[in-house]
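One structure is given here, and the rest of the page talks about it.
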Amino acid sequence: MIQISVDEMKRDLPVYLHRVEAGETLVIVEAGKPVAEMKPITRHSIDSTSKKLRPFGLCAGEFTVPADFNEPLPASIIAEFEGR
């Protein structure tokens, strides 16, 4: 890993971006202390952050929706939710 100062990074940003694109990892230091790491994005890291749709019917047959699913809740359960 290559260490560069914040000032060097500001001065030659395009140069350092090209180096990262080429596969290098840079450690950015300020007052001699590491503050950040810049590394190339891999195809795997892009794919893992994107949301993937779950397949339709993933849990098909694992449970059934009761016939009274849309019926109002009994008054006793509503009272418990409301803290009465």
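Odds and ends about this structure:
- Scaled against 2.2 N^0.38 Å for its residue count N, the alpha carbon radius of gyration of region 1-42 is 1.06.
- A simple rule links phi to the HN-Hα coupling: the Karplus curve 6.51 cos²θ - 1.76 cosθ + 1.60 with θ = phi - 60°, which for region 75-80 gives 4, 5, 6, 4, 4, 5 Hz, with x for Gly and Pro.
- Remark on the chain: ratio of C-alpha radius of gyration to 2.2 N^0.38 Å is 2.31.
- Using Cβ point charges alone (K and R +1, D and E -1), the dipole size of the chain about the Cα centre works out to roughly 340 debye.
- Relative contact order, percent, the chain [alpha-carbon distance under 8 Å, six or more residues apart]: 21 percent
- ALA79/LYS52 FRET efficiency (R0 41 Å; Cβ-Cβ; nearest 0.05): 0.45
- Spacing of the modelled spin labels on ALA67 and VAL20, each 7 Å from Cα toward Cβ, amounts to 6.2 nm.
- The peptide list 28-36, 54-62, 3-11, 74-82, put in order of mean Cβ contacts within 10 Å with the highest first, becomes 3-11, 28-36, 74-82, 54-62.
- Residue-wise HN-Hα couplings along region 10-15, as the Karplus relation 6.51 cos²θ - 1.76 cosθ + 1.60 with θ = phi - 60° gives them from phi, are 4, 5, 10, 3, x, 4 Hz; Gly and Pro carry x.
Bear in mind these aren't lab numbers, they're just calculated from the coordinates by the rules spelled out. Keep in mind that this is a model prediction, so the values were computed, not measured. For neighbour counting, all protein chains shown are included, and Cβ atoms are generated from backbone atoms with ideal geometry for every residue, glycine included.
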